Amino acid sequence: MTALSRLAHKLRPVLTVQTAALALVLFGNWLLFPGFFHLSIQDDRLFGSLIDVLNRGAPVAILAVGMTLVIATRGMDLSVGAVMAVSGAIAATLVQAGYPAGIAVPAALLAGVACGAWNGFLIAVLDMQPIVATLVLMVAGRGVAQLITEGSIVTFDDPWLGYLGTGSLIGLPMPVVILIVVAAIAILIVRRTALGIFIEPVGINASAARLSGLHSKLVLLAVYSFCGLCAGVAGILVAADIQGADANNAGLWLELDAILAVVIGGTSLLGGRFSILLSIVGALIIQATNTGILVSGLPPEFNLIVKAAVILVILVVQSPRMVGLMRPRSGRPK
Amino acid sequence: MNRALRPLAATTLIFVLAFAAAALQYPALLSTRVLGDLLTDNAFVGITAVGMTFVILSGGIDLSVGAVIGFSGVLAAALISWWGVHPLVAFAIVLAVAAAFGAAMGCIIHYLEVPSFIVTLAGMFLARGAASILTQDSIPITHPFYHEISTLALKLPGGGKITAIGVLMLLVFALGTLLAHRTRFGSNVYAIGGNPTSASLMGVPIGQTTILIYTLSSFLAGLGGIVFSIYTSAGYPLAAVGVELDVISAVVIGGTLLVGGYGFVVGTFIGVLMQGLVQVYIIFDGSLSSWWTKIVIGFLLLLFILMQRFVFATATVPRKG
């Protein structure tokens, strides 16, 4: 028995509402489509519905990594979808103009960081509310992207940039590899450097954090810049995937999916405690639901309804009221 | 002048100056034809923005309004064109469904303590999904009653006209202003937006007010959907995608703070007109591409927020020490 309880203890951090929900959605997919868990290797590359969920979910998961840190500081970044359009437009336009991917990709990433830093500047230095500050770029960003592509869909044929979207490394599709790299860097930064320790206090009580000597402004600037960088990466992936930049539709509404992923992952919109890994699990839940609806043969019109239902169920289960009902504490003051 | 009114006055002043500058360049802007169209073209955004003002005043946000506009239009069109319901009965059904939808969202926000951002996001998916289940295509409305109300208009001197939906928007703004400043519900909304804890301690019925706020917002979005179906004589499930952004921008440009507790319904009216002016200007200019609309509105948002910050910084003692 002790071995079993020790195992249960070890599994405790993994066994969360989110991982259980992901398992449940995947199980539901398996019921609808028995070949769901089937994996095969072709041309040194894994294929299967599970890999497809990871691959399709990668852009939102990457956005969710940056968004987690922003929300942990009690912020919000509505502009990531528009920033994706900007970075995709820059990468595509540069490659089409004859520049190598080695210049186009860093330029697009830099644009993402610049957009994030602009948001951070408005929020940290001018002290604006995050929703309003990022709303500005959400509205204007797509216009800027259209300005870069001059209103047309810029297509390109560059093997290196295309590789980022459709290639594979050690058997995994590139977007999944990039997601793992971005997540690993983010987790290393927040768990192994001082910056990570500063994020939660800024979210819990900005004034207290400042009074205890924290450079809240610098932390905010860094966090929003990082979120912009993540959006830049996601924008390049989406553009590389379709070998083109569509300023109107690239990343459209993905900011909402990313915020949803973070909330499903259990990070409170009121800031404070956060988990990057659980946000990624949240993004995968969203993608697994989408894939499940596709493979089930249900008309795509039901996609949004099922998505809304899944969100509501997860939110209801997670809501403070329900948690209070399910786990009545004995020492609770009456 | 009352200090609280300063941002509103500044917003109005900027609108008047912008309008004057545009009119100097294109004198035709001053015709009653353009002014009447400004009201007609923005009627559905304006009506929805009144509801959004109350939501934002209470410190919340409603992302579902664009989808509710789309759904209401489709439901109205389906009732009238497919099932032969009289438009007036169809309107009543649509408004009741929209209000019930808002009430349900309000209940989830209040009783389950889930942030309004997320609940209304789920509501957006739900309403948009329901609309596309009803139909994938645009449903034309050919009922004679529709033709009648869409051509009903007050003639103005100078060839312009104010249509029925334009008048309806003005009416909704007038009623919204009364509701905000002359009723208990209005005071409760301001109190909750200012500080929910002290509002609750003062005896403001938080739950009832929250549910009513989201009911009102969805009801007005439903009305906006009906207006949009009159405007286009059709119901289309993908109508008004992204209109929630225009509506929120109008409220913010109108001087309502997104943290809640401060703002005016009249300000929102000016916010709606300001966005309409940008679009009209770009149409008049002719050489500017439509994406400039987005950049200009983004810039305007920034300008107004900065201006409000400046006015607030000089008008009130900074809260942070």
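No value in this document is a laboratory result; all are computed from the given coordinates. If you're wondering where the values come from, they're calculated on a predicted model, not measured in any experiment. Note that we place each Cβ from the backbone using ideal geometry, even for glycine, and neighbour counts take in every protein chain shown.
Which ³J(HN,Hα) values, rounded to whole Hz and listed in residue order, are derived for segment A:199-212 from phi using the Karplus coefficients 6.51, -1.76 and 1.60 in 6.51 cos²θ - 1.76 cosθ + 1.60 with θ = phi - 60°, glycine and proline given as x?
Listing the rounded values in order: 5, 4, x, 4, x, 6, 7, 4, 5, 4, 4, 5, 5, 8 Hz.
Between A:Ile51, A:Ile264, A:Ile199, where does the largest GNM mean-square fluctuation fall for chain A, given springs only between Cα atoms within less than 10 Å?
Of the options given, A:Ile51 has the highest mean-square fluctuation.
So if each residue of separation counts as 0.36 nm, and I subtract the Cα-Cα distance between B:Leu170 and B:Phe145, what length gain in nm does that give?
6.8 nm
In whole angstrom, note down how far apart the Cα centers of segment B:54-105 and segment B:17-46 are.
29
Would you kindly compute the Cα radius of gyration of segment B:163-318 and its largest Cα-Cα separation (Dmax), both in Å?
Final numbers for Rg and Dmax: 17.7, 57 Å.
With each pseudo-label sitting 7 Å past Cα toward Cβ, what's the B:Leu30-A:Trp160 distance in nm, one decimal?
6.0
Pop a pseudo-label 7 angstrom from the Cα along the beta-carbon direction at both B:Glu113 and A:Leu126 and give the gap in nm to one decimal.
3.5
Give the dimensionless ratio obtained when the Cα radius of gyration of chain B is divided by 2.2 N^0.38 Å.
With N residues counted in chain B, Rg over 2.2 N^0.38 Å equals 1.00.
May I ask you to compute the full-extension gain from B:Leu156 to B:His181, defined as 0.36 nm times their residue separation minus their alpha-carbon distance, rounded to one decimal in nm? The partial results should precede the final answer.
Numbers: separation 25, 0.36 × 25 = 9.00 nm, distance 3.11 nm.
Difference between extended and current length: 5.9 nm.
From the phi angles alone, apply the Karplus equation (6.51, -1.76, 1.60; θ = phi - 60°) to segment B:130-145 and give each ³J(HN,Hα) in whole Hz, x where the residue is Gly or Pro.
4, 5, 6, 6, 4, 7, 9, 10, 6, 9, x, 10, 10, 4, x, 4
Which log10 I(q)/I(0) values, to two decimals, does the protein assembly as shown give at q = 0.06, 0.07, 0.12 Å⁻¹ under the Debye formula with one point per Cα?
Debye curve over Cα of the protein assembly as shown, log10 I(q)/I(0) at q = 0.06, 0.07, 0.12 Å⁻¹: -0.34, -0.47, -1.43.
For B:Gly160, what residues show an amide H to amide H distance below 5 Å, using hydrogens built from the backbone and excluding near sequence neighbours?
B:Thr32, B:Arg33
Per-residue Cβ counts within 10 Å, from other chains only, averaged over B:290-302: what number is that? The partial results should precede the final answer.
Working: counts 3, 12, 3, 2, 11, 8, 3, 4, 12, 4, 3, 8, 10.
Mean shielding by partner chains, rounded to a whole number: 6.
Which whole number in µm²/s is D for segment A:55-290 by Stokes-Einstein, with the Kirkwood Rh taken over Cα pairs at 10 °C and 1.306 mPa s? Each step should come with its number before you reach the end.
On the way: Rh = 17.3 Å.
Estimated diffusion coefficient is 92 µm²/s.
Averaged across orientations, what area in nm² does the convex hull of the alpha carbons in segment A:132-172 project?
4.8
Specify whether the C-alpha gyration tensor of segment A:85-204 places it in the rounded, prolate or oblate class, a ≥ b ≥ c being the square roots of the eigenvalues: rounded for a/c under 1.5, otherwise prolate if a/b is larger than b/c and oblate if not.
The shape class here is oblate.
Per-residue HN-Hα couplings for segment A:142-152, Karplus 6.51 cos²θ - 1.76 cosθ + 1.60 at θ = phi - 60°, whole Hz, x for Gly and Pro?
Taking θ as phi minus 60°, the curve returns 5, x, 4, 4, 5, 5, 5, 8, 6, x, 10 Hz for segment A:142-152.
Quick one: Debye curve from the C-alpha atoms of segment A:12-87, no solvent, what's log10 I(q)/I(0) at q = 0.15, 0.21 Å⁻¹?
-0.78, -1.04
If you count, for every residue in A:125-136, the Cβ atoms of partner chains within 10 Å of its Cβ, what is the mean? Present the calculation step by step, with values, prior to reporting the outcome.
Details: counts 0, 4, 4, 6, 5, 1, 6, 11, 3, 0, 9, 10.
Mean shielding by partner chains, rounded to a whole number: 5.
Ignoring solvent entirely, what values of log10 I(q)/I(0) come out of the Debye formula for segment B:207-281 at 0.16, 0.19, 0.21, 0.28 Å⁻¹ when each Cα is a single scatterer?
Log-scaled intensity ratios, in q order: -0.73, -0.98, -1.13, -1.30.
For the ranges B:206-215, B:62-71, what's the packing order if you count other beta-carbon atoms within 10 Å of each residue, average per peptide, and put the highest first?
Result, highest mean Cβ count within 10 Å first: B:62-71, B:206-215.
Using only Cα atoms, figure out Rg for segment A:1-133 and give it as a multiple of 2.2 N^0.38 Å.
On the way: Rg = 21.0 Å, N = 133, 2.2 N^0.38 = 14.1 Å.
Computed over Cα atoms of segment A:1-133, the ratio equals 1.49.
Using packing as a proxy for protection, rank B:19-26, A:180-187, A:236-243, B:247-254 so that the peptide with the highest average count of other Cβ atoms within 10 Å comes first. It would help to have the intermediate numbers written out before the result.
Working: B:19-26: 13.6, A:180-187: 16.6, A:236-243: 23.8, B:247-254: 28.5.
The most tightly packed comes first, giving B:247-254, A:236-243, A:180-187, B:19-26.
To the nearest µm²/s, what D does Stokes-Einstein give for segment B:1-62 at 25 °C and 0.890 mPa s, using the Kirkwood radius over alpha carbon pairs as Rh? Numbers along the way, then the final one.
Details: Rh = 14.1 Å.
Here the translational diffusion coefficient equals 174 µm²/s.
What aspartates and glutamates sit close enough to B:Lys294 to cross-link, taking a C-alpha to C-alpha distance under 12 Å and skipping anything fewer than 8 places away on the same chain?
The qualifying aspartates and glutamates are B:Asp246.
Once you have the alpha carbon radius of gyration of segment A:140-271, what is it after dividing by 2.2 N^0.38 Å, with N set to its residue count?
Against the empirical 2.2 N^0.38 Å value, I get 1.27 for segment A:140-271.
Report the FRET efficiency, 1/(1 + (r/R0)^6), for B:Ser287 and B:Ala23, where r is their Cβ-Cβ distance and R0 is 25 Å, rounded to 0.05.
Efficiency for this residue pair is about 0.85.
Calculate the translational D of segment A:52-119 in whole µm² s⁻¹ from Stokes-Einstein, where the hydrodynamic radius comes from the Kirkwood formula applied to all Cα pairs, the temperature is 20 °C and the viscosity 1.002 mPa s.
For the chosen part, D equals 164 µm²/s.
Shape of segment B:58-198 from its Cα gyration tensor (a ≥ b ≥ c, root eigenvalues): rounded if a/c is under 1.5, otherwise prolate when a/b > b/c, or oblate?
The shape class here is oblate.
Per-residue Cβ counts within 10 Å, from other chains only, averaged over B:103-115: what number is that?
3
Return, ordered by residue number, the residues of segment B:124-142 whose backbone nitrogen is under 17 Å from a label point located 7 Å along Cα→Cβ of A:Phe302.
Output list for this probe position: B:126-136.
Check A:Leu169: other-chain or 5+ apart residues with amide H under 5 Å from its amide H, H built from backbone geometry?
Residues meeting the amide H criterion: A:Met174.
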